[in-house]
Amino acid sequence: MTTSAQPHDQPDESSEVPPAFGARSRARWRRLNPATKYTLLFVGLALVAVTAQFVLHAMNTAPRDSRAIADRELQVNVLAPGERVLTAVSVVRRSPIDYFRATRGELVLTDKRMVFLGLRPRDLLAPADAPPTFDERDFPIDTLIGVESGRALGGLTKGVVVRTSRETMRLSVPSSAWPEAQKLVTTMTNRLAGAHATGVRQESLQKIADNEWKRAVSAWRRPQYYTVRRGDALGGIATQWNTTPQELQRLNKLPDNRIRVGQSLLVREAM
């Protein structure tokens, strides 16, 4: 009696291991026609060239001594006579539209205001000796300004966030300058809190003054009476209240100029 051999070590076709991802990608690439392959290669090379051009453009238009140039402009043309710098921080501002052309400069806190002074990147086609141009923003120390630590450059770096009623400006701060940036934020926050407290106090005092004025006006508009004293005469009372004896007679229905001590006279009608 013969028994058929059972091939226990033969692999099952249903449990075959699928090809690796790299192998599948190479297989798809081999199946593409030559025109598609050349098109994809051209697009890839073009993207690399454009990226390299952006990087070179940024390197050529951002001077390395931008902080020194901005500091010289600050001292010569921006600060008012007697204005004193408390803290200055190197910052970078990038526009989402032109990300690779950064505006580099400094954020300065003085004893009178806060100033952002940035050196705008020069045009690649501009001559090398072209004068620098600056982006200057002045922020008064009042309750309409907000300054806080935050993120900049799409959340990639630490920065200082300046908020106004019109815009929110995010400035990137280098790691080496971050302690000075924190000092600036803390000092500015304390000064803004003081300005807010002063504003609240002035508003309260103004409300008190307004209420006093309203009460004075209300009292002035009410009818005024005078109590006759010993030695008073109708003419003297009229002179005191800037009126005439005839007017006092009319207001009080007096038949003549005779008055008596203790009599209450209407000296001015309600207004």
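The values are calculated or read from the model by the stated rules, or taken from the named source; none is laboratory data. No experiment lies behind these values; they were computed from the predicted model shown. For neighbour counting, all protein chains shown are included, and Cβ atoms are generated from backbone atoms with ideal geometry for every residue, glycine included. Just the protein is used for accessible areas: all its heavy atoms, side chains included, with ligands, DNA and RNA removed. Shrake-Rupley method; radii C 1.70, N 1.55, O 1.52, S 1.80 Å.
The table that follows gives values for the structure above.
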{"item": "Subset tally (residues that are assigned to a loop (DSSP other than H, G, I, E, B) and open to solvent by 40 Å² or more (accessible area, probe 1.4 Å)) for the range 165-181", "result": "4"}
{"item": "Per-region count, the range 229-254, residues part of a helix (DSSP H, G or I) and among the aromatic types (Phe, Trp, Tyr)", "result": "0"}
{"item": "Hits in the range 179-196 - residues which are in contact with a Ser or Thr (Cβ under 9 Å, 6 or more places away or on another chain) and not polar (S, T, N, Q)", "result": "180, 181, 183, 184, 185, 188, 192, 195, 196"}
{"item": "Unmet criterion (only one of (1) modelled with pLDDT under 90; (2) in a helix (DSSP H, G or I); (3) farther than 30 Å from residue 157 by Cα; (4) not β-branched (Val, Ile, Thr)) for residue 257", "result": "(2)"}
{"item": "Residue 230 being over 30 Å from residue 143 (Cα atoms) and open to solvent by 100 Å² or more (accessible area, probe 1.4 Å)", "result": "yes"}
{"item": "Residue check for residue 262: loosely packed, with under 13 Cβ neighbours inside 10 Å and in contact (Cβ under 8 Å) with a residue 24 or more places away in the chain", "result": "yes"}
